[in-house]
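Below is one structure, written out as structure tokens; the observations come after it.
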Amino acid sequence: MTDNTGFETISNREQGLRRQLTSGQMSMIAIGGAIGTGLFMGSAYAIGYAGPSVLLSYAIGAIITLLLMGCLAEMTVAHSTSGSFGAYAEFYVSPLAGFLVRYAYWAAIVLAVGTEVTAVAMYMKYWFANVPEWVWIVSFSIALIVLNDTSVKTFGTFEYWFSTIKIGAIVGFIILAVYVVFGSGNPEYGVHNYTAHGGFFPNGLQGMWVAVIVSIFSYLSVEMIAVATGEAQNPEQAVKKAFRATIVRLVVFYLLTLALMLAIVPWVQAGHAQSPFVTVMQAIGIPGATGVMNFVILIAALSAMNSQLYITTRMMFSLSRGGYAPKSMGKLSKTGIPLNALLLSSSGIALATLLNILYPESSFTLMMAISMFGAIFTWFMIFLTHYCFRRYHQRHGERKLSFRMRLFPYSTLLGLVLMGAVMITTYFTEAFKMTLVFGVPFLVLLTVVYGVFFRKPKLASLAAQGLEQRSGITGQASE
């Protein structure tokens, strides 16, 4: 840990959470967060935009993700706290930056929870077509809320097995696909499909770059590993292990899976609305493929929803302890869970359900637009925060960091530029145009709220806030 009494005041005010997540659970949480509906369903849209060049799209997305993981790992090893990148931005950039990052990210994931639970209800209709969707929305929501309120250890256990099922399905698919491509002897399958229908860039470089946006959405949630370290048994070891595991698995699971997929099914068929995994299994005659993949995608959605409830709860907890949300949001239950923050973070479920009933078309566009902006903005700010973080340590000459991002500042600036380019590209892409249209005014609104209500608390008062929070931890934990 670095000798930084300034940041320690932030860490102290966020104490009280129980460190019960094991190193193995942390690794599975990291990779499980990046393997969800984005891969199982989102890859279909990416293939539709880019064709075979989607391999380059996901490779670029993987590079951005790995750069982000490196930046996060370095900061998290130095400071393991549930406020994570929001707390880092508050200290190393400005209090306003920390406020914007945490609220934009919280709002983004709260809305994502609502869309995930809606997707879960849709998947359940495959087996229970006559049961109303709201039944599944209510049932699964209650189950996951209770799960998150039990203990962080229970959350980690369930998320570990959710991720195991997803990873097992992908490994099984890879083994089957390798046999089909290289062992079946069928001339229809092979790398010739990469250029057989309009070439490797059927929609040009523009199509390939637009698919990068989809790839970023697929990789989103890897950042939750940094938030989870606030409740890890050995945060430094867990972060390093998770970082290395993510590097290998992202390359294998995403790039290898897509490469095999496109070798079996021409991109003009794989790029349809249904999951490319189902399309491939149907193409090679696997019986019951739709039912099996529907189950796996259901698990992926439940896993995503479970993780999102966890991370939004900790973000609201961090905001409360920082004085940017009601104090009740920072209180802990007897099991060490911020229950009030959890209940508030579940509001996305109710909001999504209500808006989907009243405005089924426009509500989804609005929720996804704000959700996507908040996520992209957070990634952009993580790179900016890391740049300020490293400069701070260079100026103050503090103890050498035990984990360092290589090739600084070039690696950090590359990630910053690429995320800025992705954000700007959304405005010039019809499918993602509303991201900035809704996102920028939302950010302006947050800035105004901060200026009116929260401008006075400056970093100069962090020490006093830290002492106050530290003295109140025991009392809050017993409430």
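The values are calculated or read from the model by the stated rules, or taken from the named source; none is laboratory data. On a predicted model such as this, the values are computed, not experimentally measured, just so you know. A quick note on method: Cβ atoms are made from the backbone with ideal geometry, for glycine too, and the neighbour counts reach across all protein chains shown. In case anyone asks, the SASA skips ligands and DNA or RNA and just uses the protein heavy atoms, side chains included. Shrake-Rupley method; radii C 1.70, N 1.55, O 1.52, S 1.80 Å.
Could you pull the accessible area for Arg249 with a 1.4 Å probe, rounded to 10 Å²?
About 80 Å², ignoring ligands and nucleic acids.
In square angstrom, what is the accessible area per residue of segment 72-174 with a 1.4 angstrom probe? Each step should come with its number before you reach the end.
Values: 3310 Å² over 103 residues.
Heavy-atom SASA per residue in segment 72-174 reads 32 Å².
For segment 190-259, what does the accessible surface come to per residue with a 1.4 Å probe? Please give it in Å².
Numbers: 2570 Å² over 70 residues.
On a per-residue basis, segment 190-259 sits at 37 Å².
Using amide H atoms built in the peptide plane, which far-off residues or other-chain residues are under 5 Å from Ala232 H to H?
Leu21
For segment 139-285, what is the relative contact order in percent, using Cα pairs closer than 8 Å and at least 6 residues apart in sequence? Don't jump to the answer; show the numbers that get you there.
Numbers: 71 pairs, mean separation 48.0, N = 147.
Result for segment 139-285 is 33 percent.
Give the accessible area for Lys327 in Å² (nearest 10); use a 1.4 Å probe, count only protein heavy atoms, and leave out ligands, DNA and RNA.
Probe radius 1.4 Å; accessible area of Lys327 about 150 Å².
How big is D for segment 265-348, in µm² s⁻¹ as a whole number, if Stokes-Einstein is applied with the Kirkwood radius of its Cα pairs at 20 °C and 1.002 mPa s? Could you put the intermediate results ahead of the total?
Numbers: Rh = 15.7 Å.
Value of D from the Cα-based Kirkwood radius: 137 µm²/s.
Probe radius 1.4 Å, ligands and nucleic acids ignored: give me the carbon and sulfur share of the accessible area of segment 64-109 as a rounded percent. Numbers along the way, then the final one.
Working: 370 of 520 Å².
Using a 1.4 Å probe with all protein chains present, segment 64-109 comes out at 72 percent carbon and sulfur.
State the percentage of accessible surface on segment 146-265 attributable to carbon and sulfur atoms; use a 1.4 Å probe and exclude ligands, DNA and RNA.
66 percent
Identify, among Val280, Ile175, Ala270, the residue whose Cα sits farthest towards the positive end of the charge dipole of segment 139-297, taking +1 on the Cβ of Lys and Arg and -1 on the Cβ of Asp and Glu, with the dipole about the Cα centre.
Positive-end residue among those listed: Ile175.
When the solvent-accessible surface of protein heavy atoms is calculated with a 1.4 angstrom probe, in what order do Val138, Val449 fall, highest first?
Details: Val138 70, Val449 45 Å².
I get Val138, Val449, largest accessible area first.
Averaged per residue, what accessible area in Å² does segment 371-453 show with a 1.4 Å probe, protein chains only?
Working: 4320 Å² over 83 residues.
That works out to 52 Å² per residue.
Is there a quick way to get the dipole size of segment 85-211? I mean about its Cα centre, with the Cβ of Lys and Arg at +1 and of Asp and Glu at -1; what is the value in debye to the nearest 20? Write down the numbers at each step before the final one.
Numbers: 4 positive and 6 negative charges, 12 e Å.
Dipole of segment 85-211, to the nearest 20 debye: 60 debye.
Can you tell me the alpha carbon radius of gyration of segment 112-204 divided by the globular rule-of-thumb value 2.2 N^0.38 Å? Please report the intermediate quantities before stating the final value.
On the way: Rg = 20.3 Å, N = 93, 2.2 N^0.38 = 12.3 Å.
So segment 112-204 has a normalised radius of gyration of 1.65.
Of all the accessible heavy-atom surface of segment 266-334, with the other protein chains kept in place and a 1.4 Å probe, what percent is carbon and sulfur?
Of all accessible area on segment 266-334, carbon and sulfur atoms account for 66 percent.
Can you sort Trp209, Trp379 by solvent-accessible area, 1.4 Å probe, largest first?
Values: Trp209 60, Trp379 0 Å².
Heavy-atom accessible area, descending, gives Trp209, Trp379.
If ligands, DNA and RNA are left out, what is the accessible area of Phe158 with a 1.4 Å probe, given in Å² to the nearest 10?
100 Å²
Please report the orientation-averaged projected area of segment 151-203, defined via the convex hull of its C-alpha atoms, in nm².
Values: hull surface 23.3 nm².
Mean projected area of the Cα convex hull: 5.8 nm².
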